[in-house]
Amino acid sequence: MTMPADERSRTRNDLAWAIAVGGIGIVLFAAVMVFTWYFAATLLLIFTGMLLGVGLNALTNALGRHVGLPHPFRLGIVCIVLAVMLAGVAYLGGATIAEQASALSNTIKAQLVTVKAFLESHGIDTSFFDIGNAPSANATPSGSETAPSASTPHPGLPGAGALASSGGAIVSQTLKLLLGTISAVGNFFIVLFLGLAFAAQPSVYHDGLLFIAPARHRPLATVLIDRISETLERWLIAQIIVMVAVGVVTWIGLAIIGIPGSFILGIQAGLLAFIPTVGAIIAGVIVVLASIASGWVAALSALILFLGVHAMESYVLTPILQRQALDIPPATLFAFQILLGVVFGIWGLALALPLVAIAKVLLDHFKSYDAPAAAA
């Protein structure tokens, strides 16, 4: 049975249109992936600012349940309270933090040297400890001899070439340190500005996202944006409570054991609690290394304290506070942390949980949204 000519032509046109649309879609998807890859650091920085805005908005809404003030006034109160708290911590514990941070750095370095010597005594290669160490300026290849030259005015003084090389290295390291500091400070203020801007006018950005979506899909986009915002707000509030609890318990426990630098160790444990699983492991290693200098009994006590705090965080605080916000299996979360950490570095590692939470909200919604149609 042969098809009419006009129907064959229509079929060919439909096939050509489908191929064209599919090709354009593939090209656009590839372009988005390339753009995301090359500008991942900037995109994650913007996402961090959005998270800060979501957190400030959550605190502002929580204050609104008790105070009948307009949104800008409540946001101002929240920002002032947070600024006063940070200023108080810096004023009261600034000297202590700086002193303990310096002492902790020296202690960690000394313990790493001890660990290296222990491994070498058992025949284990420790060359990876020397990564990044600059070679000695006086080092020469074995078997070679250096002859005095005219550029060296005195045997005990370095020559002009050595001085120029040392000066160039000093300038290079100084520039790297300066640029790193400027970058860190700049990123901090970018995140702060974005967070304040998002929190000051959340409805503007909410409506802006809905305006981008096609008109027929705006109801669905509204539901998704509201669910993502609600999930991130609940997660951030719960995460702040967990971080504070971990930091305070670690600080008090290490102070009772008698570990030097307990205050700064508590702060770093609380901050690293923002990164699930990996952050707890890093905090535990730092605590144990810092405790070895006080003896094996103190180190064992610090290890037991770390395990207890980790158990409290994983099996008590997180299930109670986040059972309505997130329900992500630990293995899945850890796998995504490793993946995003390898691909995007420290940014991907730190922001893995909120990114996975957004993906989970989208998957759960579309799964429940498609279920009635499949059943019909």
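The values are calculated or read from the model by the stated rules, or taken from the named source; none is laboratory data. It should be emphasised that the depicted structure is a prediction, and the values quoted were computed from it without experimental measurement. Neighbour counts run over all protein chains shown; Cβ positions are idealised from the backbone, glycine included. Ligands, DNA and RNA are excluded from the accessible area calculation, which covers all protein heavy atoms including side chains. Shrake-Rupley method; radii C 1.70, N 1.55, O 1.52, S 1.80 Å.
For first residues located in the range 263-290 and on the phi > 0 side of the Ramachandran plot, partners that are crowded, with 20+ Cβ neighbours inside 10 Å and at pLDDT below 80 and lie 6+ apart or on another chain with Cβ distances below 8 Å form the pairs Thr277/Gln337. For the range 332-343, the count of residues that are under 19 Å from Glu313 (Cβ atoms), surrounded by fewer than 15 Cβ atoms within 10 Å (Cβ to Cβ), over 17 Å from the mean Cα position of the chain (by Cα) and not acidic (Asp, Glu) is nonzero. The set of residues from the range 300-327 being modelled with pLDDT of 75 or more and farther than 19 Å from Val248 by Cα comprises just one member, Leu300.
Got at least one residue in the range 46-62 being open to solvent by 60 Å² or more (accessible area, probe 1.4 Å), more than 17 Å from the chain's Cα centre (by Cα), of a type in the set (Gly, Ala, Ser) and modelled with pLDDT under 85? Among the residues of the range 46-62, not one is open to solvent by 60 Å² or more (accessible area, probe 1.4 Å), more than 17 Å from the chain's Cα centre (by Cα), of a type in the set (Gly, Ala, Ser) and modelled with pLDDT under 85, which makes the answer no. The one condition from (1) open to solvent by less than 50 Å² (accessible area, probe 1.4 Å); (2) among the polar types (S, T, N, Q); (3) modelled with pLDDT under 80 that Gln268 does not meet is (3).
Considering Val297, Val278, Val285, the condition of being farther than 19 Å from Leu52 by Cα, open to solvent by 50 Å² or more (accessible area, probe 1.4 Å) and within 25 Å of the chain's Cα centre (by Cα) is satisfied by Val285 alone. From the list Arg218, Arg227, the lone residue that is open to solvent by 40 Å² or more (accessible area, probe 1.4 Å), modelled with pLDDT of 85 or more, farther than 30 Å from Gly284 by Cα and over 22 Å from the mean Cα position of the chain (by Cα) is Arg227.
Within the range 241-264, being surrounded by fewer than 17 Cβ atoms within 10 Å (Cβ to Cβ) and either at pLDDT 85 or above or assigned to a helix (DSSP H, G or I) (or both) holds for Ile241, Val244, Val248, Ile252, Ala255, Ile256. Do we find that Ala139 is of a type outside the set (Lys, Arg), at pLDDT below 65 and open to solvent by 70 Å² or more (accessible area, probe 1.4 Å) in this structure? Answer is no for this residue.
Condition first: open to solvent by 80 Å² or more (accessible area, probe 1.4 Å) and of a type in the set (Val, Ile, Thr). Now tell me which residues in the range 175-203 satisfy that. Hit for the range 175-203 is Ile182, nothing else.
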